[in-house]
Structure formats: structure tokens, C-alpha cells
Amino acid sequence: MNTPEIAQLGDWLRTHVADFRGGVQLQQLTGGQSNPTYRVEAGSHCWVLRRKPPGVLLASAHAVDREYRIMAALADTAVPVPQMYALCEDASVIGSTFVVMEHVDGRVFADASLPCMQPAERDAIYRAQAQTLAAIHSVDVAAVGLKDLGRPLQYLSRQIDRWTRQYRASETDKLEAMERLIEWLPANLPPGLDDDPGTLLHGDFRIDNLIYHPTEPRVLAVIDWELSTLGHPLADLAYHLMAWRVKPDEFRGILGYDLVALGIPEEKTHLDRYLAGAGGAARPVSAEVMDYLMAFNMFRMAAILQGILARSLQGNAAASDARATGERAVRMAQAGWRQAQLRTGCV
């Protein structure tokens with residue numbers, strides 16, 4: 001942000017956020033690739049500001065206002081979220097919509113292998129992940145006012161269409177694996193998968209979107225709800241379990257690690273922990289459906305990464321490493337096509 005924007009932001013915050021006094025001190029936080037995020041300090045208080053990036057954006061992307069609504073609705077549920085303080089949709093303040101939320105003091109793990117931890121610590125961290133995702137899928141969306149967040153029926157068909165369009169809108173080079181997946185996914189949708197009544201989905205549930213207690217294996221906050229909607233919970237679960245099926249250089253995976261030595265649960269153990277916590281929200285899990293949803297989520301992640309690459313080339317990326325991150329789109333597309341081939345034997 002430039003100096004005039006920071007001055008205008010300070011005026012707005014002093015008017016709309018309780019306990020905001022004095023001048024504004026901003027520090028951009030690293031790690032996110034979608035919406036620029038800042039630590040905001042004034043006096044002895046601290047908040048987090050999350051904004052849409054500047055420039056031309058893809059339709060329905062970077063929905064910080066949607067994040068605000070969802071996290072505010074979840075405040076009194078079993079899902080841990082930061083407290084929401086303010087939403088500003090007046091672009092004249094800093095040039096785009098932004099939200100102000102609680103600064104949660106805790107640990108964020110960028111590396112899913114959790115280096116420098118003991119096996120028992122890793123197991124506890126992973127157990128908390130499974131329990132938290134189960135809590136999200138167990139939310140009574142009608143009771144918290146989120147029943148209109150999405151259309152659960154035909155969720156997979158609409159998602160395939162959406163991410164195909166998003167990919168096309170940000171396409172820079174032809175990716176053969178993406179072309180194959182775009183054709184294969186709608187043609188191989190498992191029967192009945194589109195007829196589920198749905199649950200709340202996070203949409204991007206992975207370890208680096210969780211803030212853990214500073215010393216305990218306990219999730220204090222789930223963040224980055226931009227892709228949240230209503231839909232089939234197994235799609236959300238498969239996205240989370242994707243970490244077990246991709247390598248670190250494909251996209252933050254743990255495939256290839258000695259999980260037993262590390263104390264990280266095998267995929268099946270983690271799945272069983274989730275199912276035990278999900279209770280009535282749990283769905284029967286077959287290998288066929290899970291493999292299909294893995295291919296879908298790898299396709300979806302490749303489309304997301306392609307969008308990051310396009311924003312980097314346009315000069316409005318949210319992070320300094322956006323280009324390197326976006327260039328992983330080809331590897332994720334290839335991983336998705338490998339997954340599809342494993343299930344169907346196609347070539």
C-alpha cells in the first residue's frame with residue numbers, strides 16, 4: 001500500500017474498529033497466494049487485514065467478503081475461526097474490498113512433514129487436523145445462516161465446469177494433462193456423486209491454513225475460507241488427503257516420506273480418524289470414488305496454480321514467489337492425469 005492509502009486506511013479503522021487508536025503500522029504476511037494479508041498494529045493492539053489484490057481479477061475469485069461472512073457465521077460453532085471485526089466494500093479507501101479480523105497468535109506449519117518435531121507431536125498435530133475437518137462438515141448450515149452459501153446438488157459437475165472456465169481464463173500455455181482431464185472428468189463422474197445433499201466445505205483445507213496453539217497440538221483457527229461453499233464432503237476430504245498422494249515438489253505433499261518413522265499417520269488411518277469425528281456427516285468411502293475425487297482435486301489445484309501464474313505474469317500477484325508456485329500447475333495436472341489412469345487404465 002502507498003502512503004495515501006495507509007493514511008485513508010487509518011481514518012477508516014479508527015471509525016469502524018473498536019480499540020483502534022493512533023497511527024497504523026502495516027506488515028505484509030507471507031505464505032498466501034490469493035489475497036494480500038497484513039498484520040496491522042496500533043498502540044498495544046494487533047489485527048489482521050485481508051484484501052482483494054489490485055488489478056483485473058477473475059470472476060468470483062478473491063472473495064474476502066465471502067470469507068468474512070463465513071467466519072462470522074462460525075463464531076459460536078465447534079469450528080475455530082478468528083473473530084471478525086469489520087468489512088469494507090468501499091474501494092475508495094485502499095483500492096479494493098478488505099476485511100479486518102482477530103490476530104491469532106500461534107503456529108502455522110508450511111511444511112507438512114513437520115521437521116524438528118518428535119513422532120508423537122506429529123501424530124497429535126495430524127489428529128487435530130482430522131478432527132477439525134470433521135467439525136467443519138458437521139456444521140448445521142441452516143442454524144448458522146449459511147444455507148444459501150451454495151447449491152449442493154450437482155456440486156462436482158458445476159465445479160468441473162467452473163475450474164475449466166477459470167483455467168481457460170488464465171491459460172498461458174497448453175497443458176496436455178489438463179486437456180485430458182477436462183475431457184475425462186465429466187465423462188467418468190461416479191453414479192450418485194452429484195446427488196448428495198451436501199455439507200459446509202472449506203475448499204482449501206490443508207495444514208498451512210490452520211493456526212495451531214503455540215505449544216499444544218490444538219487448532220486455534222481455520223483461515224482462508226475464500227473457496228468455501230456447500231457440496232459433497234468427500235470432495236473436501238479428498239482435497240485434504242491429496243497431500244498423501246503428491247510429492248513436495250508437486251504441491252506441498254508428503255508422498256515419498258517414511259511416514260511411520262516420522263509418526264505421521266498413513267492415509268487410511270487419517271481417513272478413519274476423520275470418519276470417527278464426522279459422525280452423521282460422514283459418507284461411505286469407496287476406493288473408486290476417492291480416486292476420482294483425487295483426480296478432480298489435482299485438476300482443480302492445477303487450475304488454481306495456473307491462475308497464480310497468470311497473476312504473476314500480469315504483475316498483480318499476492319506473493320513474491322507466485323511465479324514459482326504457479327509453474328507447479330503442469331506437475332499437478334500431470335499428477336491428476338496419472339491418478340485418472342490408475343483408476344481406469346486409460347492411456
Worksheet item: Label-point separation (nm) for residue 165 and residue 142, each offset 7 Å from Cα along Cα-to-Cβ?
Response: 2.9
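Counting other C-beta atoms within 10 Å, which of 299, 98, 109 has the fewest, and how do the rest follow?
Numbers: 299 29, 98 26, 109 18.
Sorted ascending by nearby Cβ count, the order is 109, 98, 299.
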Practice prompt. Show that you can apply the helix-only estimate: for the chain, add -39,500 (n - 2.57) for every DSSP H stretch of four or more residues, divide by all residues, and state [θ] at 222 nm to the nearest 500.
Written response: -13500 deg cm²/dmol
Worksheet item: Taking the Cα atoms only, what angle lies between the long axis of helix 176-187 and the longest principal axis of the chain, rounded to 10 degrees?
Response: 70
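Considering only DSSP states other than H, G, I, E and B, which trypsin sites (Lys or Arg not before Pro) in region 144-240 qualify as loop sites with at most 13 other Cβ atoms within 10 Å?
Here the sparse-neighbourhood loop sites are 147, 174.
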Worksheet entry | Reachable lysines from residue 268, criterion Cα separation under 24 angstrom, eight or more residues apart if same chain | 247
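Which of the GluC sites (Glu not before Pro) across region 64-116 are loop residues per DSSP, with 11 or fewer other Cβ within 10 Å?
Hits after loop and neighbour filter: nothing returned.
Please give me, ordered by residue number, the GluC sites (Glu not before Pro) of region 266-305 that lie in loop per DSSP and have at most 13 other Cβ atoms within 10 Å.
Working: sites: 266, 267, 288; in loops: 266.
Answer by residue number: 266.
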Worksheet item: Roughly how tilted is helix 119-137, in degrees to the nearest 10 and between 0 and 90, from the longest Cα axis of the chain?
Response: 80
Item to complete: Using θ = phi - 60° and the Karplus relation 6.51 cos²θ - 1.76 cosθ + 1.60, list the HN-Hα couplings for region 273-286 in order, rounded to whole Hz, with x at every Gly or Pro.
Response: 5, 4, 4, 5, x, 6, x, x, 7, 5, 10, x, 10, 10
Fill in: Distribution of pairwise C-alpha distances over region 119-344, 5 Å bins, in %
1, 7, 14, 18, 20, 18, 13, 7, 2, 0
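Sort 286, 44, 138, 312 so the one with the fewest other Cβ atoms within 10 Å of its own Cβ comes first.
Details: 286 11, 44 8, 138 19, 312 22.
Exposure proxy ranking, most exposed first: 44, 286, 138, 312.
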Discussion item. Amide H of residue 153 versus every other amide H placed in the peptide plane: which residues, excluding those fewer than 5 positions away on the same chain, fall under 5 Å?
Written reply: none
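Read-outs: derived from the displayed coordinates by stated rules, not from any lab. Note that the structure is predicted; figures quoted are calculated from it, not measured. Counting neighbours? That spans all protein chains shown, and the Cβs are built from the backbone with ideal geometry, glycine included.
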